[in-house]
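Below you'll find the structure, written out as structure tokens, and then a few comments.
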Amino acid sequence: MVTSSVASGKLAVEGGTPVRGPDNPFTRNSPREMGPKALDLVKKVLDSGWTYSMVADFEQVFAEACGTDYAVGVSNCTAANHAVLGALGIGPGDEVVVSAISDYGSIAGIGYQGAKIAFSDVDEHTGKTTAEEMEKVITPRTKAIIAVHFYGQMCEMDPIVELGRKHGVPVIEDVAQTTLGHYKGKTAGSIGDIGTFSFNSSKLLSTNTGGAVTTDNQELAEAVRRFAVDRGAIYLVNQIGAARYHPGPGYNYRMGELEAAVAIANLETLPAQNERRIERGEKLSAELAKIDGLTPPRVSEPGSHLYWMYHVQFDREKFRVGMDEIELAIKAEGLDGMFPMYYLIPHSHHFLENREQDLARLVNARSHVETTFRFSWTYRMTDSDITDIAEVFAKVTDAYRA
Ligand SMILES: Cc1ncc(COP(=O)(O)O)c(C=O)c1O
């Protein structure tokens, strides 16, 4: 029996009929579709017996797609972020500014390099950091600033780039959630000095595991490659032949040839998918904007939000129950999502120095995770998914209105 999509007034959490049940679930981001050329490209790699470099092909097409001179394929975005800091020579005594709201992959490399993590607060609604918040934590020891484009929404990059120039520090864009996003006509990862990307199985461009670094700076691209691909080595040719030296530190963060094949295939279909994600996201936002007490994503520039995830903010004052109860009620109606405390990095990572002081200081970031419900989004959302998601929120907000 297919569960009726017509909601009864009684909440499912109180025994009513859910908007969607297990036999009629909302469309999910997974399973992912592969680009039509994926199998042929994978076969080309396998047929070559590892002699063909699909990674080199990928680096070329990815740099072109992002509008940068160089791209380096790596194993994931956690590695990309680490490699960039290694390439910049960041180490003990240095500080790196990063948004307090992100994935652990944005900060791990700062810790690996022995540098101090300086969290910047965010815009309370969007969850994105701003130049103004970053500037508050910049000190003479700051050696880089990382702008995380969150939920698929680009940061306001003009003031962030200006801030980097003013303090003479490189601007890193963490593009893990926003591949091929645009801001003022420029592509994500081409606006700051360097961009880092994730292609994990949930991401916009998905190769299961994979990532990249983009930049226009040749020296930086070479340093990233040395750190992430060549394990710190340089190759010299002398009278005896080729010799390898390891003058500096490095890791094996290489991208796999098979992942590169899938990345090229999936890159081809990504622009159309992103367009559709935007159209679907905007359609839901128009519905949710009609519900008192909810704020759908505020988008500063049309098309600058790819809706990797969809997020909607609750006005606490308007409800007579806490967000925990609201979360349970939404889930019981069949929409899987959460108020993502784990995105507030000092909240979820207990090993951090100054954790308590950071949590007290990061007022907007705390409020953001406490009031913002986020759920999986996909270009495959149907009209009936959108109608029913709006119905879930209408039902739960009506039941719990103060
Ligand atoms: C903003 C951000 N940065 C970095 C990462 C780490 O990416 P990866 O899983 O490819 O290491 C993620 C992954 O979720 C992310 O969302």
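The convex hull of the Cα atoms of region 106-234, projected and averaged over all directions, covers 8.5 nm². Relative to the first principal axis of the alpha-carbon coordinates of the chain, what is the inclination of helix 157-167, with its axis defined by its Cα atoms, in degrees from 0 to 90 and to the nearest 10? Relative to the chain, helix 157-167 is tipped by roughly 50 degrees. Annotation: amide H of residue 27 within the under-5 Å range of 382, sequence separation 5 or more or interchain, hydrogens built in the peptide plane.
Computed across region 10-93, the Kirkwood radius stands at 17.8 Å (inverse of mean 1/r, all Cα pairs).
Checking every one of the chymotrypsin sites (Phe, Trp or Tyr not before Pro) in region 351-398 against DSSP loop status and a limit of 10 other Cβ atoms within 10 Å picks out 351.
Taking 382, 130, 51 as the candidate residues, the one with maximal mean-square fluctuation in a Gaussian network model of the chain, Cα springs under 10 Å, is 51. Principal semi-axes of the equivalent ellipsoid, √(5λ) from the alpha carbon gyration tensor of region 1-153, are 38, 31, 13 Å from largest down.
Across region 170-305, the convex hull enclosing all Cα atoms gives 150 Å³ per residue.
Reported value for region 260-316: 89 Å³ per residue, from the convex hull of its C-alpha atoms. In a DSSP loop and with at most 12 other Cβ atoms within 10 Å, the chymotrypsin sites (Phe, Trp or Tyr not before Pro) in region 17-61 are 50.
Against the chain, whose longest principal axis is taken from its Cα atoms, helix 323-332 shows a tilt of about 80°. Volume per residue for region 207-246 equals 90 cubic angstrom (convex hull of Cα atoms). Carbon and sulfur atoms: what percent of the 1.4 Å accessible area of region 190-308 do they account for? Percent of accessible area from carbon and sulfur atoms in region 190-308: 49.
Computed from Cα atoms, the angle from the helix 218-228 axis to the main principal axis of the chain rounds to 80 degrees. Remark: for residue pairs 166/283; 128/186; 143/186; 44/203; 10/290; 290/331, the C-alpha separation exceeds 29 Å in 166/283. The Rg/Rh ratio of the chain, with Rg taken over Cα atoms and Rh as the Kirkwood radius over Cα pairs, comes to 1.00. At a Förster radius of 30 Å, what calculated FRET efficiency corresponds to the Cβ-Cβ distance of residue 317 and residue 360, to the nearest 0.05? E(calc), rounded to 0.05, equals 0.85. The residues of region 277-385 present an accessible area of 42 Å² per residue when probed at 1.4 Å with all protein chains retained.
Each semi-axis of the equivalent ellipsoid for region 86-161 is √(5λ) with λ an eigenvalue of the Cα gyration tensor; in descending order they amount to 21, 13, 10 Å.
The values are calculated or read from the model by the stated rules, or taken from the named source; none is laboratory data. On a predicted model such as this, the values are computed, not experimentally measured, just so you know. Note: ideal-geometry Cβ built from the backbone for every residue, glycine included; neighbour counts use all protein chains shown. Side chains included, ligands, DNA and RNA excluded: accessible areas come from the protein's heavy atoms. Shrake-Rupley method; radii C 1.70, N 1.55, O 1.52, S 1.80 Å.
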